[in-house]
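Note sheet for the following structure.
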Amino acid sequence: MPEGEPARYTIKLMRPMAAVTEFGGSVRAKRVNLEALPADYDFGLGISAGAPDAERAGADGASGSGGAAAGGQQAGGNELPMQVRLKLALEVCKHFMESLNDDLYRSAATEGIFGVRMEATSPYGDLRGMTMGQLVFNAWRWYFEDRMQELDEEDDGALDRAYKRAHKESVGDLVRALLAGTLPGWYEGQLRRLEAEGRPSGYSHEILRRGCGAIPWDRVMHDRLAGRA
């Protein structure tokens, strides 16, 4: 692109600038618009991409109670770099929150990361007829709506601000739990907290009745995102 025009539309790079130079013929952007992110860029989540796992061990308590310790697995030498894991976790969490808002989960490839397994049909109103994966999706929706309602009350009825804040904080909570490898325990903790505070949903109550051990988590992806595999 012409280099004489002023910079605009900054493109943030996950790779060093030298990587772009290698593919100069295919990059349709002016160099002045490219900004290579530092190794410890945190995407506004307060998580250092360069922090060792030991420094993130407390991330399981991101938003209240709950959060079991990670399984204690040792990394096998093929783990993804922290910056890549942060980027992946952020993308899937944003997509998941959008799906909750739309009440439609669109990605079977990543649904297991959040314990979801959608089916072609759902027994309307019959919680005991739902699969665990369906219950989990609906319990996630209830959790987010409860969080939004809580923030709405704090902001004196500013629903739009409450939604944006709940969305941002929820994405941050999920990313932290995924990077720490503690999402299953964190999720169970949130369900039990709502139960104890008298704000459970029928979905969360049914999940706890069956036992959280039956949630179809994608443990392989959890290990990858936590840097354990």
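The values are calculated or read from the model by the stated rules, or taken from the named source; none is laboratory data. Bear in mind the structure is a predicted one, so any value in this text is a computation, not a measurement. Positions of Cβ are generated from backbone atoms using ideal geometry, with glycine treated the same way; all protein chains shown enter the neighbour counts.
Is it true that some residue in the range 88-96 is more than 25 Å from H205 (Cβ to Cβ) and among the β-branched types (V, I, T)? Yes, some residue in the range 88-96 is more than 25 Å from H205 (Cβ to Cβ) and among the β-branched types (V, I, T). Could you please find all residues in the range 201-229 being hydrophobic (A, V, I, L, M, F, W, C), within 18 Å of F137 (Cβ to Cβ) and surrounded by fewer than 22 Cβ atoms within 10 Å (Cβ to Cβ)? Hits for the range 201-229 are L208, C212, A214, I215, W217, M221. In summary, R165 fulfils each of the numbered conditions (1) farther than 20 Å from V92 by Cβ; (2) modelled with pLDDT under 95; (3) surrounded by fewer than 17 Cβ atoms within 10 Å (Cβ to Cβ) with the single exception of condition (3). Residues that are in a helix (DSSP H, G or I) and of a type outside the set (A, V, I, L, M, F, W, C) do not occur anywhere in the range 117-126.
So for the range 119-127 (the condition being touching a helix residue (DSSP H, G or I) at 6+ places or on another chain (Cβ under 7 Å) and either at pLDDT 85 or above or under 30 Å from R224 (Cα atoms) (or both)), does at least one residue qualify? Within the range 119-127 (the criterion being touching a helix residue (DSSP H, G or I) at 6+ places or on another chain (Cβ under 7 Å) and either at pLDDT 85 or above or under 30 Å from R224 (Cα atoms) (or both)), the answer is yes, since at least one residue qualifies. Hey, any hits in the range 103-116 for a residue that's touching a helix residue (DSSP H, G or I) at 6+ places or on another chain (Cβ under 9 Å), surrounded by fewer than 18 Cβ atoms within 10 Å (Cβ to Cβ) and touching a residue at least 60 places away in the same chain (Cβ under 8 Å)? So far as the range 103-116 goes, no, none of its residues is touching a helix residue (DSSP H, G or I) at 6+ places or on another chain (Cβ under 9 Å), surrounded by fewer than 18 Cβ atoms within 10 Å (Cβ to Cβ) and touching a residue at least 60 places away in the same chain (Cβ under 8 Å).
Answer with yes or no whether G129 is free of Cβ contacts under 8 Å to residues at least 24 places away in the same chain, assigned by TED's automatic domain parsing to the domain that holds L208 and at positive phi. So G129 fails the test.
Can you find a residue in the range 190-200 that is crowded, with 20+ Cβ neighbours inside 10 Å, over 20 Å from the mean Cα position of the chain (by Cα), of a type outside the set (A, V, I, L, M) and at negative phi? Checked the range 190-200: at least one residue is crowded, with 20+ Cβ neighbours inside 10 Å, over 20 Å from the mean Cα position of the chain (by Cα), of a type outside the set (A, V, I, L, M) and at negative phi.
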